[in-house]
Amino acid sequence: MKDYNAFREEVRSFLAEALTPDLVRAGELTTSVFSDFEAALKWHKILHEKGWVAPDWPEEYGGPGWDINERYIFQEECKLANAPTVVMMALQMLGPLLMHYGTEEQKAYYLPRILSGEDMWCQGYSEPGSGSDLASLKTSAVRDGDDYIVNGTKIWTSMAQHSNRIFCLVKTNKEVKPQAGISFLLIDLDTPGITIDEIISLDGHVEQCQVFFDNVRVPVANLIGEENDGWSVAKYLLEFERGGHNFTIDIKKQLAKLRKQARKVKARDGKPKLQDPVFRHRLAEAEIEAMALEQTELRIKGALNAGGNPGALSSLVKCVGTELGQRFNELSVDAVGQAVTPYHADSLNPRYEGKGPVPGYALTTMAEYINNRAATIYGGTAEIQRTIIAKQILKL
Amino acid sequence: MTEDQQMLRDAAERYLRDNYDFNARRERVNAGEYMSQEHWNTMAEMGWMAMPFSEELGGLGFGMQECAVVAEQFGRHLVMEPVMDSVVVAGSLLTFEGVNTPSSLIEQMATGEALVVVANAEPDAAPSFVNTHSRLQATEGGYRLVGEKVFVAGGGSATHFVVTARLNDEFAYVLVERGATGLTVNHYPTYDGRSGANLVLDVLVPESALIATGETAILAFAQARARVVLMASAETLGAMEAALEATVDYTKQRIQFGQPLASFQALQHRMSDMVIQVELCRSLVEAACRAHDEGAADEMELILATKVKTANAGRHITQEAIQLHGGIATTDEYVVGHYFKRVAALDSWIVSRDEALDKFIAVVDAA
């Protein structure tokens, strides 16, 4: 039996020392899954030096070799300490996939560069015409000697503006049924023929991009898995995107923040909003939902610890976790009232030292509310998750 | 689940599936029978009536986790016999530390010979157990009990009642036998196929009938209320899960517009939502029972949350089950409407959803 309390202490004391005020500020001002990029990269490098940047990776690939409880503790302590988030596309998705499907050369080349932060990866799945119906994607890769010639476009490529590489699903055979003609391809973003357009999100910031490929030459050696086997590669990856996250940690943080806010803000009668019975009852119903989610995630953790597979339960917690997160965003918006209206982008920049029009308690509220609408869209929409539940649990 | 719990579940599942036929139950209900003595006796033989009592009292010494496993099966199979009302709820009041209960009564309850239910609600009292207008007055050799009680769950077939009253301005409860002179039991069937009773009392009870008073009585009732919530929630969980399964089976078979109803995405997603709610409730019921048995610090928080959540989800799922079936589910001969009715009754059983929500807030804000 491992001493998890000692582990927690070790994590805590490391965080207390390593998280400098500028990093904590960036963590506090994080309003989506991505923190300020400069801070995220700095934190990535600090974690890499400690050997903790890839909590889910086994030791042989440079991970810390933690069990699920240790990973949970680490995630929780980082959240509590307001650490910025590191960019996760390569660490959580591509990395595990390379370990499973990559050749020895690919693993030896790419994995260390992911760990060090030398390579930043973005994910090229969705296209303007292919969202939930991913298999209908059109970006094509046509063999030409030892290369593919890639043409098409990818959208919702988070952090592409900061990345040097992209992992893509491309169509390599149009004659078969859609799932059977897809391949998984790694592409350098500095290859001629690639342009990146930034997309301004509802909160005024850029996180998403659209990437265009115009006769881009990509070596066949960059294929992951077999040609036309990209769909099963992608499905393996989607499981990591869905199953690897603990929502309770985020929700608890949201709840703590919301309670603090609601103590600060005055309701109609001059008392703290938290004592407004209408608001308090709405909050209580959401708190109860959070407890149900927590107990369900503990059940899943128990199953994983016993060597089981959570299966479609991960779709279930994805639905509940994201929808509940959005519910807390709404409560937060309602708690702070008109303080959600001023738009002042500088205030959310961790390096800004001035004072904007938004009171401190409401600084991130509206941006979080806006940005978190995406939570029920990315990683398989809430509707796709419900279809998975219907198919896998109800056998419909 | 522990091995004990799995064995309990499997045994209950097997017995009820093979023997507790829905149509036979329906015939009993429609014939005005409140319970089947045959089933009652078998349930006692299965050991279910002995579950919560300590081994010294002839019981099995199980906690609420084990009782909940059986209660869930009762929910699935629409068991009408008031087993948990007697052994868990009244049993809890009769075995709380410091109370004065003859051990022979507990032995009779554990063997199914006695069926004891709680009589606390009154026509003019606020729905809180300490608000009682019933009065106990010391007389020679005992007490005179005067009062009126309503909505006594299981009251149609009870052999004894645990009656709440005031004694010298203190909260107290006494044991009254069904045959006591001066007790009128006006019993009636309930919508969920069980029995209820309204009691008019002007009875003389012996001194030994006074089970608890003051602080002990209040603490005992608080514990019993927590267990009411746990049993109501576990039974609701079983009923909602069975309603969901019936809905999935039915929509797979029912053909409309040339295809099974279950092939329509609008209905699939609604059934997926029902799955989500069932799983969330299961997580809470298990956690709350465990917290109660272990006396965990967050016990009350979890128990109250479980009441709110299962009450919400129980209604949602059984209402959806009727809607997704269509007209057939509005009939007495089809099972799904009976889950709906039982869940509605469980919602109201001693602790309401709204009361639990209010208490939840008080507990969380005090922490």
Notebook entry, point to check: Going by the conditions given, is residue B:18 free of Cβ contacts under 8 Å to residues at least 60 places away in the same chain and either in the same structural domain as residue B:221 (by TED's automatic domain parsing) or more than 22 Å from residue B:233 (Cβ to Cβ) (or both)?
Noted result: yes
Checklist line | Single match in B:232, B:212, B:239 (criterion: within 30 Å of residue B:138 (Cα to Cα), in contact (Cβ under 8 Å) with a residue 60 or more places away in the chain and in contact with a helix residue (DSSP H, G or I) (Cβ under 6 Å, 6 or more places away or on another chain)) | finding: B:212
Margin query: Let me spell it out: the conditions are (1) within 14 Å of another protein chain (Cβ to nearest Cβ); (2) aliphatic (A, V, I, L, M); (3) in contact with a Leu (Cβ under 8 Å, 6 or more places away or on another chain), and residue B:335 meets all of them except one. Which number is the exception?
Written below: (1)
Next item on the list: Determine if the range B:313-322 includes at least one residue that is within 13 Å of chain A (Cβ to nearest Cβ) and buried (at least 17 other Cβ atoms within 10 Å of the Cβ).
Entry: yes
Note to self: For the list (1) in contact with an Asp or Glu (Cβ under 8 Å, 6 or more places away or on another chain); (2) among the hydroxyl-bearing types (Ser, Thr, Tyr); (3) over 22 Å from residue A:158 (Cβ atoms), I need the number of the one condition that residue A:341 fails.
What the structure shows: (1)
Next item on the list: Search the range A:343-396 for residues being among the hydrophobic types (A, V, I, L, M, F, W, C), assigned to a helix (DSSP H, G or I) and within 14 Å of another protein chain (Cβ to nearest Cβ), and hand back the single one that is nearest to residue B:253 (Cα to Cα).
Entry: A:390
Margin query: For the range A:260-279: of the residues being in a helix (DSSP H, G or I) and surrounded by 18 or more Cβ atoms within 10 Å (Cβ to Cβ), which is farthest from the other protein chains (Cβ to nearest Cβ)?
Written below: A:261
Notebook entry, point to check: For residues in the range A:122-163 being acidic (Asp, Glu) and assigned to a strand (DSSP E or B), which is farthest from residue A:91 (Cα to Cα)?
Noted result: A:144
Checklist line | Top-ranked residue in the range B:164-187 [being touching a helix residue (DSSP H, G or I) at 6+ places or on another chain (Cβ under 7 Å) and touching a residue at least 60 places away in the same chain (Cβ under 8 Å); ranked as farthest from residue B:222 (Cα to Cα)] | finding: B:175
Next item on the list: Could you tell me whether residue B:98 is assigned to a loop (DSSP other than H, G, I, E, B), of a type outside the set (Val, Ile, Thr) and farther than 23 Å from residue B:167 by Cβ?
Entry: no
Margin query: Among the residues of the range A:43-62, what is the count of those that are assigned to a helix (DSSP H, G or I) and in contact with a helix residue (DSSP H, G or I) (Cβ under 7 Å, 6 or more places away or on another chain)?
Written below: 5
Next item on the list: Pairs only if they're at least six apart or on different chains, beta carbon under 7 angstrom, first in the range A:300-318 and over 23 Å from residue A:387 (Cβ atoms), second not in a loop (DSSP other than H, G, I, E, B); list them, first residue then second.
Entry: A:301/A:68; A:301/A:72; A:304/A:68; A:305/A:68
Checklist line | Conditions (1) within 23 Å of the chain's Cα centre (by Cα); (2) within 12 Å of another protein chain (Cβ to nearest Cβ): number failed by residue B:263 | finding: (1)
Margin query: Looking at A:61, A:4, A:72, can you tell me which residue is of a type in the set (Phe, Trp, Tyr) and crowded, with 19+ Cβ neighbours inside 10 Å?
Written below: A:72
Checklist line | Which listed residue, of A:303, A:345, is touching a Gly at 6+ places or on another chain (Cβ under 7 Å) and not assigned by TED's automatic domain parsing to the domain that holds residue A:32 | finding: A:345
Note to self: Taking the criterion of being in contact with a helix residue (DSSP H, G or I) (Cβ under 6 Å, 6 or more places away or on another chain) and of a type in the set (S, T, N, Q), would at least one residue in the range A:15-33 satisfy it?
What the structure shows: yes
Next item on the list: Return the only residue of B:308, B:285, B:248 being facing chain A (nearest Cβ under 8 Å), crowded, with 24+ Cβ neighbours inside 10 Å and assigned to a helix (DSSP H, G or I).
Entry: B:308
Next item on the list: Please tell me if residue A:295 is assigned to a helix (DSSP H, G or I), surrounded by 15 or more Cβ atoms within 10 Å (Cβ to Cβ) and more than 11 Å from chain B (Cβ to nearest Cβ).
Entry: no
Next item on the list: Identify, by number, the condition in (1) surrounded by fewer than 18 Cβ atoms within 10 Å (Cβ to Cβ); (2) among the aliphatic types (A, V, I, L, M); (3) at pLDDT below 95 that residue A:313 doesn't meet.
Entry: (1)
Check: Out of all the residues in the range A:383-396, which are among the aliphatic types (A, V, I, L, M) and out of contact with any His (no Cβ under 9 Å at 6 or more places or on another chain)?
Finding: A:384, A:388, A:393, A:394, A:396
Notebook entry, point to check: Going by the conditions given, is residue A:388 within 26 Å of residue A:235 (Cα to Cα) and more than 21 Å from the chain's Cα centre (by Cα)?
Noted result: no
Next item on the list: Test each condition in (1) touching a residue at least 60 places away in the same chain (Cβ under 8 Å); (2) in contact with an Asp or Glu (Cβ under 8 Å, 6 or more places away or on another chain) for residue B:62 and report the one that comes out false.
Entry: (1)
Next item on the list: Return yes when residue A:284 is buried (at least 19 other Cβ atoms within 10 Å of the Cβ), within 11 Å of chain B (Cβ to nearest Cβ) and either farther than 22 Å from residue A:386 by Cα or out of contact with any Ser or Thr (no Cβ under 9 Å at 6 or more places or on another chain) (or both) and no when it is not.
Entry: yes
Next item on the list: Answer yes or no: is there a residue in the range A:363-375 that is farther than 21 Å from residue A:288 by Cα, loosely packed, with under 15 Cβ neighbours inside 10 Å and not assigned by TED's automatic domain parsing to the domain that holds residue A:202.
Entry: yes
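The values are calculated or read from the model by the stated rules, or taken from the named source; none is laboratory data. Please read all numbers here as calculations on a predicted model, not as lab measurements. For neighbour counting, all protein chains shown are included, and Cβ atoms are generated from backbone atoms with ideal geometry for every residue, glycine included.
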